[in-house]
Amino acid sequence: MQADIKRNIERISATLPSGVTLIAVSKYHPVEAIEEAYCAGQRHFGESKAQDLRIKQQTLPKDIYWHFIGHLQSNKIKYIAPYIHLIHSIDSLRLLQEVDRQGAKVGRTIDCLLQIHIAREETKFGFTPDECRAMLDTGEWRSLSNIRIRGLMCMASNTDNNEQIKEEFHAVKELFDEIRAKHFSCESTFDTLSAGMSDDYAIAIEEGSTHIRIGSDIFGPPQK
Ligand SMILES: *Cc1c(COP(=O)(O)O)cnc(C)c1O
């Protein structure tokens with residue numbers, strides 16, 4: 001069955017507290033589906049493949065805010081550096097340095113989130129909380145003038161156990177507060193916590209998420 005994209009966006013938007021941004025995750029969905037969401041007023045979209053994103057960005061209206069949410073390879077940054085609104089998936093200092101280099105090339109300061117590995121699954125990317133603390137403690141990122149660290153991103157475990165999901169989101173919010181106090185107390189721009197997907201966004205919002213990333217609940221199952 002075809003998803004009713006407009007109605008889904010309206011239904012989800014109606015439940016969001018002010019200050020929470022809905023990112024429509026359009027990966028694996030065609031340009032036509034994104035246009036339908038755009039015409040319903042949606043402006044923030046998330047993609048997970050740099051080359052797919054480049055094609056969609058060239059085709060679609062220029063007032064879309066594009067979010068990169070997938071695993072990012074250094075050699076693909078150039079495809080998104082000229083226009084990307086926010087990269088959610090920084091998982092090493094080296095990647096941050098490379099984004100900075102590409103940002104300098106195109107004369108932009110690129111907003112980034114540090115991805116935190118909190119789920120119990122082995123397969124998810126990201127810093128462990130301790131790796132993240134250690135990276136920030138080096139202070140090396142402070143010399144990078146073409147990136148700005150805006151906050152953290154995480155994915156909870158893929159489980160029906162809501163208590164566990166809640167604990168995971170809660171732990172990342174505590175880490176967020178700790179890092180903000182320690183490294184960003186003078187910068188109001190450390191303000192973004194990207195947490196929550198179709199199945200768990202209500203819990204994520206309760207635990208302090210500012211940006212939810214919703215794919216299948218808007219567009220239906222991925223079409224590949
Ligand atoms: C695919 C994806 C989403 C959206 O997932 P849904 O369960 O379809 O809402 C959110 N975040 C990331 C990082 C993703 O890869």
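All of the numbers you see were taken from the coordinates with simple rules; none came from a lab. Keep in mind it's a predicted model, so treat the numbers as computed, not measured. Cβ coordinates were reconstructed from backbone atoms using ideal geometry, including for glycine residues, and neighbour counts include every protein chain displayed.
Overview of results
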| item | result |
| --- | --- |
| Helices (runs of 4 or more DSSP H) lying entirely in segment 124-224 (those with 1 or more residues that are within 16 Å of the ligand (Cβ to nearest atom) and surrounded by 16 or more Cβ atoms within 10 Å (Cβ to Cβ)) | 162-183, 201-206, 216-219 |
| Conditions (1) surrounded by fewer than 18 Cβ atoms within 10 Å (Cβ to Cβ); (2) more than 20 Å from Thr192 (Cβ to Cβ); number of the one not met by Gly19 | (2) |
| Pairs where the first residue, in segment 168-195, is touching a residue at least 40 places away in the same chain (Cβ under 8 Å) and the second is in a helix (DSSP H, G or I) and exposed (fewer than 12 other Cβ atoms within 10 Å of the Cβ), C-beta under 9 Å, 6+ apart | Lys182/Asp137; His183/Asp137; His183/Arg142 |
| Some residue of segment 78-90 being under 19 Å from Gly126 (Cβ atoms), away from the ligand (no atom under 16 Å from the Cβ) and in contact with a helix residue (DSSP H, G or I) (Cβ under 7 Å, 6 or more places away or on another chain) | no |
